[in-house]
Amino acid sequence: RQLNKDVMIDSLYCLAEIAADKGRQFQAVTTSVFPVVVEILQHSTDRMVIKASIYFLGRCALNLSPVERETMFNYQFPDLISHTLIVEDTNEKELRDVFRMGAWALSSLTIGGIRITFLPLFDDALNRLSSFLNFSDEHILVYSCYAIANLTIGGEARIDAVLNRNVGPRMVELMMHRNLNIQFSAVKTVGVILSGPSQDAQELIQAGVITQLKTLIGSNEPNIRRESCFAISNLVATENTDVIQSMLFADTYTLAQLVQLANEDETSVCLEVAHIFAVTMLYGKSSQCLNLIQAGSLQAVIKVLKDHNPPEHLIVLTLSSWLHLLSVATKEDWTKDDLTASVNFYATPKDPRSKSDSRKRKANALLDLFKLVGVWDFVDQNKVNTNSAKGNLVNELLQYKNPFY
């Protein structure tokens, strides 16, 4: 509240650092200072004061609970947004600094996605952030991408709002930016967009997202590889076999690289690759499923499931994909010769099974493969007595196995 501008700015920065230390000091500072900072933002026209005020709010946001961040965004954030929307001629450096701070504060306030109760605020924030994507300043780009990714979380309406502002093609372009933080935030946003309706994926596909993702799974940065695999998983989940073909089977190296990642990468990447394989087995054409098996995906998935403590939903998805593979193998009557690219069957004993069950006999080659790579061992380890999704899938799979092994 000091009349001296320099004292006011120094005080705001000092209080921001105190607020960054979560504890009693944080509670005391936020309770007493929030209203003052909001008042400053309502009345100040000095960009340096605005920048310091926004910095204080952004630092506080990092220590707020999700509910507190939602409250701050929905009720105290209009002033922050209105000031970052002011673009009249001024000192270029000061303007850039305020824009940087505004994008950073928005990214801090929206971490993990937030519930928005006042939609005009969402529209204002998205309009401002989408315009920030046209800047060349890397700090503005990084924080704007993060904030857009956070705001996109929340369902189809938000994804549509982002795409309606022509953000998709720009995000695809930024996926190959020289700044790795921009790459990461851009591919993260793309992954969230691809989690929406299948028609939303077409805009990104036309912008070249498939080519970019094929490049980024070879990134030296594990977090970029992880987010790229997450995006690929959402892309193949569109159930469009032409898209699946373009993403995984149009060349000789993409699938091989994914299998290598599943076998050798860190846990977060391996789990995403296992998700890609399970979704492809569920939604791909029979020829695509066969190519996936021939590439060694079953062995890679088993390794991931054994070594990386997979979440329950991935186990359920994988069990579903195996059951679907058996139905495809039954229909297509796959032979050992079809699957020999994946494993050597001819070192195994002669098939002892009854020839009376034609449905299961047609799946014999895949049943043998399941035994050789450890699928049945994993299924046995996941037997449960409860009437759950996993339990039901295990029981269905065992209907194929029990008479033969």
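The values are calculated or read from the model by the stated rules, or taken from the named source; none is laboratory data. Keep in mind that what you see is a predicted model, and the values were worked out from it rather than measured. Positions of Cβ are backbone-derived with ideal geometry, glycine not excepted, and every protein chain shown enters the neighbour counts. What goes into the accessible areas is simple: the full protein's heavy atoms, side chains included, and nothing from ligands, DNA or RNA. Shrake-Rupley method; radii C 1.70, N 1.55, O 1.52, S 1.80 Å.
In table form, for the structure just shown:
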read-out: Distance in nm between pseudo-label sites at HIS324 and GLN206 (7 Å out along the Cβ direction from Cα); value: 2.8
read-out: Segment TYR253-LEU180, extension gain: residue separation times 0.36 nm, minus the distance between their alpha carbons; value: 23.9 nm
read-out: Surface/4 estimate of mean projected area, convex hull on alpha-carbon atoms of the chain, nm²; value: 23.1
read-out: Value at 222 nm in deg cm²/dmol, rounded to 500, when DSSP H runs of n ≥ 4 in the chain each add -39,500 (n - 2.57); value: -21500 deg cm²/dmol
read-out: Per-residue HN-Hα couplings for segment 156-167 [Karplus 6.51, -1.76, 1.60; θ = phi - 60°; Hz; x = Gly/Pro]; value: 4, 4, 5, 4, 4, 4, 5, 5, 5, 9, 6, 6
read-out: Cα centroid separation, segment 237-285 to segment 140-160 (Å); value: 25
read-out: Too-long pairs where the Cα-Cα distance tops 18 Å, listed order kept, from LYS331/LYS390; LYS214/LYS303; LYS188/LYS214; LYS188/LYS303; LYS306/LYS383; value: LYS331/LYS390; LYS214/LYS303; LYS188/LYS303
read-out: Accessible carbon and sulfur surface of the chain relative to its total accessible area, %, 1.4 Å; value: 49
read-out: THR386-LEU119 pseudo-label distance in nm [points 7 Å out on the Cα-to-Cβ vector]; value: 3.9
read-out: Those aspartates and glutamates that a straight Cα-Cα span of less than 15 Å connects to LYS51, excepting residues fewer than 8 apart in one chain; value: ASP6, ASP10, GLU17, GLU39, ASP79, GLU92, GLU94, ASP97
read-out: Cβ-derived FRET efficiency at R0 60 Å, LYS285 paired with VAL36, nearest 0.05; value: 0.45
read-out: FRET efficiency, THR241 to ASP46 (Cβ-Cβ, R0 60 Å, nearest 0.05); value: 0.55
read-out: Computed FRET value (nearest 0.05) for LEU398 with ILE153, which takes r as the C-beta separation and R₀ as 30 Å; value: 0.20
read-out: Net lengthening on full extension, GLU266/GLU92 (0.36 nm per residue, minus Cα-Cα); value: 58.3 nm
read-out: 37 °C / 0.692 mPa s Stokes-Einstein diffusion coefficient of segment 163-288, Kirkwood radius on C-alpha pairs, µm²/s; value: 230
